[in-house]
Amino acid sequence: ATYILAFVVLPLLVPIKGSFRGAWNKMTLSRNTVVVARLCLLLALRGNADMLDQKQQQLHFDVLGLPREATPLEVHLAYVNLTKNYRVDGSGGVEAQRKLIAAQEAFDILSDDSTKEEALEVVNYWDHVRQLEDDDELQHFTEFQSGGSSQLRIVFVLALPNERHKTAFSVATRLNGRVRVGQTCPSAAAGGPFFNSFRLRRFPAAVIYDPVSRSMRVAYYMDGIVADAKRLLEGQLSAGDKVARVQELDAPTYEQRCGPAQQCGWTLTLATSAALENKRNDLFIAMKPFVEACQHRHDKNIPVGCFWLRLQRASEWNSLLQKHGMSPAAESVLFAFKTEEDGTSSISVAGPEKLGASIPIGLWYQEVVSSSQAFPTAVLPTKPLAVVPSEEPTPGFQQLAMRKFNRLTASLMAKLEDLVGQSLTSFKTMDAEDKTMCAGAVLCVLMFLGFLCNQFCCGRRRVTTEAEALKLVPVITVPLRRGEGEKLGMSIGESSLGGFVINDINPGTLLDAWNAAQSMPALKIQKGDRVIAVTTHDASGAVNRKVQLGEISDTLKSPGDITLSIAAPRSENDAVFITATVQLEGLKLQEVAKLAPPVHSWGGAAKDLSALEIVEVGPALASWNQARQAEGSCSMQQLRVGDRIVSINGSLDLQKVVNAPSPLILLTRWQVASHIRAERIEVAVERTGPEDRLGLHLRELPNAAAHLQITDVSPSGAINRWNQSSHGRQVLKGDRVMTVNGQTKELQKVMAEASSKVDMQVERWTDTVQDGGNMFAGVARPAVTTGAGHFPEATKTAAAAAAAGPQ
């Protein structure tokens, strides 16, 4: 008003009358009066500003607990002591938080840049600014985590690691409890997909990220970050602002947006349940229309307070919304509330149909604001407390371990790249002779590393699961009597699976004669079979088994009789591969059977090293087999020559458990398809109640889809009652459960959920020939000859060696 008086009104008050000379004198007087008035006004304003500055400075000194005459050193020490005593986890309360903010503002005004830089070295910098060491940690800190805070994130990206920046610390303290502040550097996070999404052009830079809307803005000016963040938090949004459109409804945030009197008019709020919050992707899908509706109204300069209410942190609000029409099963609900000047509040809850898109949300809110009707009044609960840093969810141990591993790998790769770069630079300066020597040395190192990898990594990979150990093929033992100059009659090549693959068999040769002598198709050698071992012998009976490629190749070229071990994958029409478990009650496997490394099945060096094969059945085991046969149980409940023992009591290390009493044995066997049949038994039982159990002990077979094998039948169960009735058939150990109530999957779950009636289909393998054992084992077949002169004694020795296996 004084300014207007001096510059506008005063010149108009001077009348211009009389002669031109008098008018000129009066105009001169008027101009002089204006000049004097202007000078007086400027002096008054300058004096008023000085008084305001002095009062403001005195307030800042009072905050630090210092007199007006305090030295810069005393200001520095007082500030450091105040910041060090503050608890970052928020346990100090709101008052301690306000003191910290006031202390930081006072220090920013009373100190110069050099003093601020010195203070950074002694304050608890990393307690206030979160150090983000890689892209994964940056993403976990920046994005919203279920159960964590949704406050704005401000990430400072500085050029150097461990660099301390005065603006980052000032923002973290002056906006304490209102934002989360982190810091990273390009060398730590560069290359990561989340860091690259910032698209930064230079450093230092500050990224203001909104976890609710997943929007951000990048600032390259450091001094204006505090004012910019305050403006966003207080709702002073411009049309171009996309962050902070929606803020979490808690006590401090609502006070910042609406003031201490909580006068925000109608406040638009989206409430979500704990179940929806735990499904983070579904949460953001549900919130997207709400955020877009708020964005649309701000773009049209229609002020509105938009908040997100998390019902898992506000049980009283949950009860209030249910009282006003929210379904207890609803995962999200849209509502608006308004607090009048007299303290009374009104609330309106929208129907679930309004949540699908932004336009219905905006129209509904406009109806509420412009409506003249009276809305229901309510006593609003207190706003929930904000999430403090100590409540933020932390990554699990496995995730932290993977982060450390990735950081270590990135560091090693960076060092390796530097080393390669230096090596290439040195290599360019070498002459031709030095380059040749260097290339040869590198080649030797690579060959040595490849050899070590093949010997200790690839060739001896541990087999850890039963399902993996059951990936087997049968082995045919082929004894051949080879006369002088006679060839085996096969063309071979190296196989990536091991051994030599048979590409062709020539007619009229030894292998062709072998095939002609076999009555079962599965025993005939075919293209694609692989020679995995050869056995030679001499007249004295000494046996030599060769498994290395070079040794196999030399032996195949050498004259004399030979026994081939051929891995021969066969279809189910020729050979049935059966897996079963047997509980050898009251016996020890090592005491009742002769065991040896497998020769009639092959799974690779690692599997064959730990497996065993039955080569002879003792008297006690023979009696056990006869008892199982007499009771009519599954033929796989009998242990026979040629059976491969895969595991004992679930352990693949058979040497340690082979002497265990009453072992549970997982075994495999190949049988001729025509020598075995599967019998189906229909079982229908009625359970008398929930406590009436079927009484079956079941084990899921590793390679039998979802089929379950019965390992025992309890005498007190419903199945045993069915066995005792006059059905003529019984459910026995070794049978397989194929279906339950018509279902073929998750059979144990179907059994447990069946209320009373249970219909099962049980399968049992039975032999169609006497003692049908492993079709690829048993008595050695006679050696094949084409009719040329041979040595009978040597042939008998070959047959015996093939039957006995490796020595």
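The values are calculated or read from the model by the stated rules, or taken from the named source; none is laboratory data. Because the structure is a prediction, the values reported are computed rather than measured. Glycine gets a Cβ as well: all are built from the backbone with ideal geometry, and neighbour counts include every protein chain shown. Side chains included, ligands, DNA and RNA excluded: accessible areas come from the protein's heavy atoms. Shrake-Rupley method; radii C 1.70, N 1.55, O 1.52, S 1.80 Å.
Below, the figures for the structure above:
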{"quantity": "Rounded FRET efficiency, nearest 0.05, which uses the C-beta distance separating GLU616 from GLU679 and R0 of 22 Å", "calculated": "0.15"}
{"quantity": "Segment MET413-SER114, extension gain: residue separation times 0.36 nm, minus the distance between their alpha carbons", "calculated": "103.8 nm"}
{"quantity": "Heavy atoms of ASP113 accessible to a 1.4 Å probe, total area in Å² rounded to 10", "calculated": "100"}
{"quantity": "10 Å beta-carbon shell around GLU117, net charge (K/R +1, D/E -1)", "calculated": "-1"}
{"quantity": "Spacing of the two label points (7 Å from each Cα toward its C-beta) at LEU385 and ALA516, in nm", "calculated": "9.4"}
{"quantity": "Segment 96-250, relative contact order [Cα under 8 Å, separation at least 6], %", "calculated": "25"}
{"quantity": "In nm, spacing of pseudo-spin labels at THR768 and CYS453 (7 Å Cα→C-beta vector)", "calculated": "5.0"}
{"quantity": "Overall form of segment 680-773 per C-alpha gyration tensor (a/c, 1.5; a/b vs b/c)", "calculated": "oblate"}
{"quantity": "Accessible surface of PHE335 - all protein chains present, 1.4 Å probe, nearest 10 Å²", "calculated": "0"}
{"quantity": "Straight-distance crosslink candidates among lysines, where the alpha carbon sits under 17 Å from LYS607 and sequence neighbours closer than 8 are dropped", "calculated": "LYS471, LYS656"}
{"quantity": "In segment 606-652, GluC sites (Glu not before Pro) in a DSSP loop with at most 11 other beta-carbon atoms within 10 Å", "calculated": "GLU631"}
{"quantity": "Segment 414-570 - convex hull of alpha carbons, volume per residue in Å³", "calculated": "214"}
{"quantity": "Using a Förster distance of 30 Å, the FRET efficiency for PHE405-PHE427 (Cβ separation, nearest 0.05)", "calculated": "0.40"}
{"quantity": "Global form of segment 496-592, assessed from the alpha-carbon gyration tensor, a/c cut-off 1.5", "calculated": "oblate"}
{"quantity": "Hits among lysines - C-alpha to C-alpha of LYS557 under 21 Å, sequence gap 8 or more where chains match", "calculated": "LYS487, LYS527, LYS546"}
{"quantity": "Counted charge near PHE195, where neighbours are those whose Cβ lies closer than 11 Å (Asp, Glu -1; Lys, Arg +1)", "calculated": "-3"}
{"quantity": "Environment charge of PHE397, counting only residues whose C-beta is closer than 14 Å and scoring Lys/Arg +1, Asp/Glu -1", "calculated": "+2"}
{"quantity": "Packing-based order for 164-172, 670-678, 337-345, 633-641, using average beta carbon neighbours within 10 Å, highest first", "calculated": "633-641, 164-172, 670-678, 337-345"}
{"quantity": "Reach of LYS99 by Cα under 26 Å, taken over lysines that are not fewer than 8 positions away in the same chain", "calculated": "LYS55, LYS84, LYS116, LYS166, LYS230, LYS383"}
{"quantity": "Pairwise FRET efficiency - SER327 versus VAL369, Cβ, R0 = 30 Å, nearest 0.05", "calculated": "0.75"}
{"quantity": "Accessible-area value, MET216, 1.4 Å probe, nucleic acids and ligands omitted, Å²", "calculated": "70"}
{"quantity": "Largest to smallest accessible area among ARG199, ARG231, ARG644 [probe 1.4 Å]", "calculated": "ARG199, ARG231, ARG644"}
{"quantity": "Percent accessible area from carbon and sulfur atoms, segment 283-435, protein chains only, probe 1.4 Å", "calculated": "58"}
